[in-house]
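Undergrad: A single structure is presented below for examination.
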Amino acid sequence: MKVGKVVLTQNYEEESRLETLLQRGISNGVELERIPETELRFFEPLARTHGSFLWSPHTSISDPQLVNAALRQELQANGVQFIPNSLVEIKNQAWTISNEIINARYFVNAGGAWALDLAQKVGLGLNYRTMPFLGMYRQTSISNLPIKTLIYPVPHSINPFLGVHFTPTIDGNVKIGPSALPIIGKSQYQLMSRVTRTELVTFGQNLVSLSKGSKHDLFEMMKYEVPKLSTSNLVRASSKLVPRALQVNAWTKKRPGIRGQLIDGKNGELIQDFLIEHSENSTHVLNAVSPGWTAGIPFGRSIAQSVLERLSKTS
Ligand SMILES: Cc1cc2nc3c(=O)[nH]c(=O)nc-3n(C[C@H](O)[C@H](O)[C@H](O)COP(=O)(O)OP(=O)(O)OC[C@H]3O[C@@H](n4cnc5c(N)ncnc54)[C@H](O)[C@@H]3O)c2cc1C
């Protein structure tokens with residue numbers, strides 16, 4: 001459903017970053033407009049901005065589960081076989097499921113937060129580490145906060161995560177978030193759940209790596225992220241964009257998500273773009289940054305194209 005998106009500023013300094021965002025979007029072929037603050041009420045009456053805002057008319061929302069189910073149906077109809085709930089492992093350079101070797105000419109590893117583990121088994125991505133981040137959102141009924149569009153802040157100047165934003169959802173709610181907290185385990189959906197000794201050691205090594213990075217500020221990141229675990233702090237942060245959020249009391253927690261963030265092990269920098277590496281018979285998606293789902297179809301098409309090109313060279 002096409003609802004559009006506004007990107008707002010909170011001070012003079014953010015205005016220049018808004019311009020950078022506009023120019024970057026235009027150079028990538030995105031239809032965008034920079035509009036003075038006085039006109040914001042025609043696009044999103046509940047939002048506030050400092051001097052101007054960006055308007056993206058084609059931004060849309062959808063239900064990922066329905067889209068994925070439709071894709072699966074279409075692929076199955078074209079002969080693609082799905083093997084759910086099966087762990088792929090690489091043992092002695094052989095790709096396996098339940099110790100059975102998979103008979104395939106080429107493999108694509110799109111294992112999300114686990115992709116690097118598989119890649120390293122074939123000697124790729126050895127300089128990288130994966131730090132899992134927990135993302136949490138709160139939601140309320142759209143009748144409590146009747147926004148019309150997606151409402152985003154300008155991205156932070158040095159930290160790589162999306163600032164607190166508002167998303168109207170297909171099922172009639174509004175969600176605010178995320179929080180982005182470094183966590184110990186890649187499956188640690190509850191902060192208090194058990195973690196293994198190996199995960200603890202890896203987490204410590206990840207923190208040491210992260211502390212070396214010069215383009216982000218780990219201390220500032222934690223100072224900003226940890227308070228957002230509390231609903232009242234998250235709502236307060238969001239009210240800078242939509243003051244009326246403070247009047248809503250009925251916020252519920254949404255199921256959290258985990259995203260793996262790639263870190264360059266040598267210099268501690270966070271990898272902020274898609275990162276793909278290849279071996280002779282495999283392609284590995286090591287970093288599929290947000291909005292990875294939105295970009296999924298063209299990104300998948302470009303991976304498929306590159307695999308076909310690589311196969312045509314070896315046949
Ligand atoms: C809280 C949250 C909110 C987000 N919101 C948005 C949004 O609004 N819009 C957007 O575009 N993006 C959003 N993203 C980002 C988006 O979810 C990711 O960019 C995207 O899911 C990455 O896709 P992927 O296929 O690389 O990894 P994943 O979606 O993580 O998929 C990897 C899959 O591989 C499986 N797997 C891993 N290892 C193995 C193995 N060895 N054997 C078998 N299976 C394996 C995993 O179980 C998983 O199912 C959000 C992310 C989070 C955490």
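The values are calculated or read from the model by the stated rules, or taken from the named source; none is laboratory data. It should be emphasised that the depicted structure is a prediction, and the values quoted were computed from it without experimental measurement. Virtual Cβ from ideal backbone geometry, glycine too; neighbours counted across all protein chains shown. All accessible areas refer to the heavy atoms of the entire protein, side chains included, with ligands and DNA or RNA removed. Shrake-Rupley method; radii C 1.70, N 1.55, O 1.52, S 1.80 Å.
Undergrad: Rounded to whole Hz and in sequence order, give me ³J(HN,Hα) for the stretch 226-236 from the Karplus expression 6.51 cos²θ - 1.76 cosθ + 1.60, θ = phi - 60°, writing x for Gly and Pro.
TA: Rounded to whole hertz, the list is 4, x, 6, 5, 8, 4, 5, 5, 5, 5, 4.
Undergrad: Treating only the Cβ atoms of Lys and Arg (+1) and Asp and Glu (-1) as charged, compute the dipole magnitude of the chain about its Cα centre; round to the nearest 20 debye.
TA: 700 debye
Undergrad: Working out 0.36 nm times the residue gap between residue 293 and residue 236, then minus their Cα-Cα distance, what length gain in nm do you get to one decimal?
TA: 17.7 nm
Undergrad: Now for a different question. With θ set to phi - 60°, apply the Karplus curve 6.51 cos²θ - 1.76 cosθ + 1.60 along the stretch 74-90 and write out the HN-Hα couplings as whole Hz, x wherever there is a Gly or Pro.
TA: Karplus values, whole Hz, x for Gly and Pro: 5, 5, 4, 5, 9, x, 7, 9, 9, 10, x, 6, 10, 7, 8, 10, 10.
Undergrad: Please list 13, 44 from largest to smallest accessible area, probe radius 1.4 Å, with all protein chains kept in place.
TA: 13, 44
Undergrad: Hey, what's the chain come to in accessible area per residue, 1.4 Å probe, Å²?
TA: Normalised by residue count, the accessible surface of the chain is 57 Å².
Undergrad: Ignoring any ligand, DNA or RNA, what whole percent of the accessible area of the chain comes from carbon and sulfur when the probe is 1.4 angstrom?
TA: Roughly 54 percent, rounded to a whole number.
Undergrad: Let me ask something else. Taking the full set of protein chains and a 1.4 angstrom probe, give the accessible area of residue 43 in square angstrom, rounded to the nearest 10.
TA: Only protein atoms counted, so the area is about 40 Å².
Undergrad: To the nearest 20 Debye, how big is the dipole of the stretch 248-315 about its Cα centre, given +1 on the beta carbon of each Lys and Arg and -1 on that of each Asp and Glu?
TA: 440 debye
Undergrad: For the stretch 251-315, which trypsin sites (Lys or Arg not before Pro) are both in a DSSP coil and crowded by at most 12 other Cβ atoms within 10 Å?
TA: Passing both the DSSP loop test and the Cβ count: 266.
Undergrad: Let me ask something else. Would you compute, from DSSP H runs of 4+ residues alone, the mean residue ellipticity of the chain at 222 nm, taking -39500 (n - 2.57) per run and dividing by the full residue count, rounded to the nearest 500?
TA: -9000 deg cm²/dmol, from helical runs alone.
Undergrad: Not counting ligands, DNA or RNA, and with a 1.4 Å probe, what is residue 48's accessible surface area in Å² rounded to the nearest 10?
TA: Approximately 120 Å² for this residue.
Undergrad: With θ set to phi - 60°, apply the Karplus curve 6.51 cos²θ - 1.76 cosθ + 1.60 along the stretch 243-256 and write out the HN-Hα couplings as whole Hz, x wherever there is a Gly or Pro.
TA: x, 5, 4, 5, 7, 8, 9, 8, 9, 10, 7, 8, 4, x
Undergrad: Pick out, from 110, 196, 161, the residue whose Cα sits farthest towards the positive end of the charge dipole of the chain, with +1 on the Cβ of Lys and Arg and -1 on the Cβ of Asp and Glu.
TA: Highest projection toward the positive end goes to 196.
Undergrad: For a quick check of understanding: with a 1.4 angstrom probe and all protein chains in place, what accessible area in square angstrom does residue 106 have, to the nearest ten?
TA: Counting only protein heavy atoms, residue 106 exposes about 40 Å² to solvent.
Undergrad: Another question about this same structure. Using the Cα centre of the chain as origin and beta-carbon charges of +1 (Lys, Arg) and -1 (Asp, Glu), tell me which of 54, 130, 296 is placed farthest towards the positive end of the dipole.
TA: 130
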